[in-house]
Amino acid sequence: MDDDPRLFDYVLRLADNGVVLAQRLGEWVGKGPALEEDIALTNVGLDLLGQGRMWLAYAREIEARYAPPGRGEDALAFLRDGGEFRNLLLVEQPNGSYADTMARQFLFDQWHLMLLGALAGSKDERIAAIAAKAGKEVRYHVERSADWTIRLGDGTELSHRRMQDAVDALWMYTGEMFAVDAIERGLVAAGVAADAASLQGPWRSAVAAVFDEATLAMPGDGWMQGATGRGGKQGIHTEHLGHMLAEMQIVARSHPGARW
Amino acid sequence: MSSEWPLWEIFIRSQHGLAHKHVGSLHAVDAQMAIRNARDVYTRRNEGISIWVARSADIHASSPGDKEALFEPSNDKVYRHPTFFPMPDDVKHI
Amino acid sequence: MYAQMVDTGVAKVRDVAEMTQEERAFQDRIDADVKVEPKDWMPDAYRRTLIRQIQQHAHSEIVGMLPEGNWITRAPSLQRKATLMAKVQDEGGHGLYLYCAAETLGVSRDAMVADLHAGKVKYSSIFNYPTLTWADIGTIGWLVDGAAIMNQIPLCRCSFGPYARAMIRVCKEESFHQRQGYDIMLALCRGTPEQKVMAQDALNRWWWPSLMMFGPPDAASVHSAQSARWKIKLLSNDELRQRFVDQTVPQADYLGLKVPDDRLAWSAERGHYDFGEIDWQEFHEVIKGNGPCNRERMQTRIKAWEDGAWVREAALAHAEKHAARERQAA
């Protein structure tokens with residue numbers, strides 16, 4: 001199918017969000033603020049990694065149709081350079097403090113849930129099936145991250161300040177989630193992709209409700225990074241991704257062709 | 001050090017229709033967090049479909065089975081936690 | 001083991017004649033395999049020894065997350081990454097079960113953590129060694145988890161109910177840990193020559209520290225005798241070590257790896273492997289804090305704890321505010 005390279009690109013966007021955010025959450029393992037929380041956050045990371053792998057498996061099938069045999073999940077995860085990654089800028093941002101991590105998680109989870117909800121109705125059966133399965137997991141993710149946003153926002157003076165700072169700092173990466181480029185436009189028209197632009201209103205309302213309970217101020221909508229067709233989805237990343245991949249890929253790349 | 005998160009007892013009902021069973025405990029600031037943490041700590045392998053949580057401090061227990069006065073309980077709380085008496089480091093073998 | 005050299009606080013094992021009536025009744029129950037529960041009367045020394053042993057065990061699980069966690073971000077395949085994350089997470093869970101078991105004896109988790117950070121309570125010597133290559137992750141799963149299971153299976157029958165129940169849960173969950181380690185080793189030993197070298201190098205570095213995990217010979221130790229009497233230590237250190245060697249050497253052979261011990265040889269007479277001298281000086285130095293990673297491990301734990309303080313405080317503050325609001329609304 002002519003559209004396969006575009007579909008491949010689109011599915012990589014979904015896959016890379018999972019793989020990259022899971023990689024970030026993996027950095028927290030053993031270092032969380034409480035043992036229970038350490039375990040819980042790792043579950044989110046494991047879910048996202050699992051979802052990333054499901055999307056990568058589908059990406060391979062698509063790629064195999066026009067460039068057989070298609071790259072496997074490890075070739076895609078470990079042998080692509082930064083410019084070939086298609087994740088949102090938001091998910092590659094460093095962990096920072098727990099407020100930074102939770103703010104990043106909530107802003108993403110809320111969008112992710114809505115996106116997967118829309119994708120569950122995709123005309124592409126594979127996309128619909130993966131989205132339905134992932135959606136169940138993500139419903140729990142957003143419950144947790146919204147809960148922490150509220151607890152930290154409306155906790156102590158210090159936690160409130162840290163949460164507000166985190167939200168303010170990450171806000172400029174949220175616009176990219178709703179920016180629709182030519183690849184998405186074509187797939188939306190075909191009923192395959194979700195129309196991300198249509199999610200912006202509901203996402204804002206959901207985020208505003210949580211911020212309200214968290215006593216957090218909604219940041220002003222200034223300039224949005226990567227929202228004009230030159231962002232993570234197009235392979236133009238922040239400096240953080242390169243360092244993350246250097247670490248993530250080092251063993252796999254040091255032993256070309258090895259099996260693990 | 002600030003005050004500690006309260007301890008909760010966790011009860012889980014598995015898929016086989018049996019009653020909720022005590023599986024262990026954990027720390028959380030409130031019931032909602034206790035339920036979420038229980039899901040992550042005690043059902044990592046799909047062990048359960050329903051979770052009950054109760055503050056350990058709110059659970060009252062019967063006396064141990066033995067009738068002998070020897071085994072009379074010092075109190076009726078199952079979990080008498082920070083009541084232990086720390087010993088100075090220099091005091092050995094007591 | 002995960003709880004090495006646990007001091008019972010006794011100078012000698014008490015004979016029946018020396019026991020008070022309470023102590024005798026307690027010992028009778030233990031001898032009859034009746035589980036001791038938190039509310040039951042127990043000798044202070046039993047309680048204190050258990051607190052020490054269970055918390056050492058718990059701390060070992062938590063500190064033990066670090067050397068393996070060190071490789072989560074660099075795992076060479078997504079499957080290995082997922083498995084490793086799940087495994088390290090399990091260790092956190094096991095630490096949690098164990099802290100809870102100790103808490104039933106009247107000591108809070110925060111107090112135990114404070115004692116760990118102050119250096120008053122130890123954790124297993126093994127976690128003070130560095131993980132230098134991916135093969136170390138396989139080796140830890142294979143050797144360290146293998147040794148741990150060997151110790152933990154008997155502890156499922158120990159006399160203290162909450163500890164025994166925690167161990168049952170841990171053993172059930174841990175069955176996959178050793179296998180995932182050996183599976184990593186299999187892949188390396190069937191892989192490229194460089195991978196095989198990596199595997200051998202890891203075994204060379206981890207073999208002796210793994211044998212040290214079981215602790216010094218303790219057949220003559222008062223503490224071990226007392227713990228055995230109380231059924232909170234079921235086999236001697238040397239017995240467990242011998243079992244471990246007997247079990248592990250054929251597994252190394254299968255991998256085509258050489259155990260780094262020139263004196264290792266099968267003794268037909270004993271029906272066991274003979275093996276060389278363990279460097280107990282190294283062991284004691286590591287226990288004292290002079291291992292290659294003691295400082296880093298503690299610094300990492302303390303930093304995580306301190307960095308998390310404001311989060312824990314905020315969550316408590318929020319819960320209190322929330323409860324107050326609900327009271328007001330009612």
Quick one: give the max-minus-min coordinate of the C-alpha atoms of the stretch A:4-254 along each principal axis, largest first, in Å. 57, 42, 32
Expected vector for the stretch A:164-177, Karplus 3J(HN,Hα) from phi with 6.51, -1.76, 1.60 and θ = phi - 60°, integer Hz, x for Gly and Pro, equals 5, 4, 5, 4, 4, 6, 8, 4, 5, 9, 7, x, 4, 5
Let me check the size of the stretch C:241-293 from its C-alpha atoms; what are the radius of gyration and Dmax in Å? 13.8, 40
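Which value, in debye to the nearest 20, describes the size of the charge dipole of the stretch A:70-203 about its Cα centre when Lys and Arg Cβ atoms bear +1, Asp and Glu Cβ atoms bear -1, and nothing else is charged? All intermediate terms of the calculation are to be shown ahead of the outcome.
On the way: 14 positive and 20 negative charges, 62 e Å.
That gives a dipole near 300 debye.
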Of the residues C:Trp207, C:Val249, C:Cys171, the Cα lying farthest along the dipole of the stretch C:134-292 towards its positive end, which is defined by charges on the beta carbon of Lys, Arg, Asp and Glu, belongs to C:Cys171
The long-range amide H neighbours of C:Val36, using H built 1.01 Å from N in the peptide plane and a cut-off of under 5 Å, are C:Phe160, C:Gly161
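Run lengths n ≥ 4 of DSSP H only: what is the helix-derived mean residue ellipticity at 222 nm for the protein assembly as shown, with -39500 (n - 2.57) per run over all residues, to the nearest 500? Numbers along the way, then the final one.
Numbers: 24 runs with 386 residues, N = 684.
Estimated from H runs of four or more residues: -18500 deg cm²/dmol.
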Spelling it out for B:Gly24: with amide H atoms placed in the peptide plane at 1.01 Å from N, the residues 5 or more places away or on another chain with amide H under 5 Å from its amide H are B:Ile10
What pairs from C:Lys87/C:Lys172; A:Lys136/A:Lys233; A:Lys31/A:Lys133; A:Lys133/C:Lys81; C:Lys12/C:Lys288; A:Lys31/C:Lys288 go past 18 Å between their alpha carbons? A:Lys136/A:Lys233; A:Lys31/A:Lys133; A:Lys133/C:Lys81; C:Lys12/C:Lys288; A:Lys31/C:Lys288
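Consider all pairwise Cα distances in chain C and report the whole-number % of them above 26 Å. Show your work: numbers first, answer last.
Details: 28122 of 54285 pairs.
Cα-Cα pairs of chain C separated by over 26 Å account for 52 percent.
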Counting only other chains, what is the mean number of Cβ atoms within 10 angstrom of the Cβ of each residue in peptide B:36-43? 6
Convert each backbone phi in the stretch C:59-74 into a coupling constant with the Karplus relation 6.51 cos²θ - 1.76 cosθ + 1.60 (shift: θ = phi - 60°), then list the ³J(HN,Hα) values in order as whole Hz, x for Gly and Pro. 4, 4, 5, 6, 5, x, 5, 6, x, 7, x, 4, 10, 4, 6, 10
Can you tell me how the protein assembly as shown classifies by the Cα gyration tensor, rounded, prolate or oblate, using a/c under 1.5 as the rounded cut? oblate
Enumerate the calculated ³J(HN,Hα) couplings along the stretch C:111-120 in order (Karplus 6.51 cos²θ - 1.76 cosθ + 1.60, θ = phi - 60°), each rounded to whole Hz, writing x wherever the residue is Gly or Pro. 5, 5, 5, 4, 5, 4, 5, 7, x, 7
Placing +1 on the Cβ of each Lys and Arg and -1 on the Cβ of each Asp and Glu in the protein assembly as shown, which of C:Ala58, A:Ser97, A:Leu12 has its Cα farthest towards the positive end of the resulting dipole? A:Leu12
Considering only DSSP beta bridges with both partners in the protein assembly as shown, what is the antiparallel share in %, to the nearest 5? 95 percent
Just to be sure I understand: if I project the alpha-carbon convex hull of the stretch A:109-185 onto a plane and average over all orientations, what area do I get in nm²? 5.8 nm²
List the trypsin sites (Lys or Arg not before Pro) in the stretch A:22-96 that DSSP assigns to loop (not H, G, I, E or B) and whose Cβ has at most 10 other Cβ atoms within 10 Å. Which are they? none
Overall form of the stretch A:1-153 per C-alpha gyration tensor (a/c, 1.5; a/b vs b/c): prolate
Residue with peak Gaussian network fluctuation, chain C [Cα springs, cutoff 10 Å], from C:Gly106, C:Gly215, C:Gly161: C:Gly106
In whole angstrom, note down how far apart the Cα centers of the stretch C:205-262 and the stretch C:1-41 are. 25 Å
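Magnitude of the Cβ-charge dipole of the stretch A:4-254, K/R +1 and D/E -1, about the Cα centre, nearest 20 debye?
Working: 25 positive and 35 negative charges, 123 e Å.
My answer is approximately 580 debye.
Values in this text are rule-based calculations from the coordinates and carry no lab data. Because the structure is predicted, anything quoted here is derived from the model rather than measured. Because the Cβ atoms are built from the backbone with ideal geometry, glycine has one as well, and the counts that use them run over all protein chains shown.
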